[in-house]
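Below: the structure, in structure tokens.
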Amino acid sequence: MTTVTDPIIGNWYKDLENNLTFKVVSVEDSDDSIEVQYLNGDIGEYDRDSWYGSTFDYIEDPEDWTAPFDGIESDDLGYSDTDEHKPNPEDVDLDTFLD
């Protein structure tokens, strides 16, 4: 089985043959390289021939996808932001938008 999935920056993949999970962090057309970061934080690189000759498959983001990012705090992910980001009703003039 060979890979039919294109490398897309930010997407997660699994190497089915070696049971490795990684994220594509860079795709360089100029030197035909695809840089990845494994779930354990290690960096790797493939050329296009290696990529398409491999057993990589697209997967959903792992449950603990922050593992490669040492020292990241849960607050840094933006999930704990309690600010509702709603406009102040006093600053909104509906007549301006209805013109």
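List of remarks:
- Glu28, Glu35 arranged by Cβ crowding within 10 Å, fewest neighbours leading: Glu28, Glu35
- Ranked for footprinting exposure by Cβ neighbours inside 10 Å, fewest first, Phe56, Phe22 give Phe22, Phe56.
All of the numbers you see were taken from the coordinates with simple rules; none came from a lab. Quick caveat, the model's predicted, so the values are computed rather than measured. Methodologically, a virtual Cβ is constructed for each residue, glycine included, from the backbone with ideal geometry; neighbour enumeration extends over all protein chains shown.
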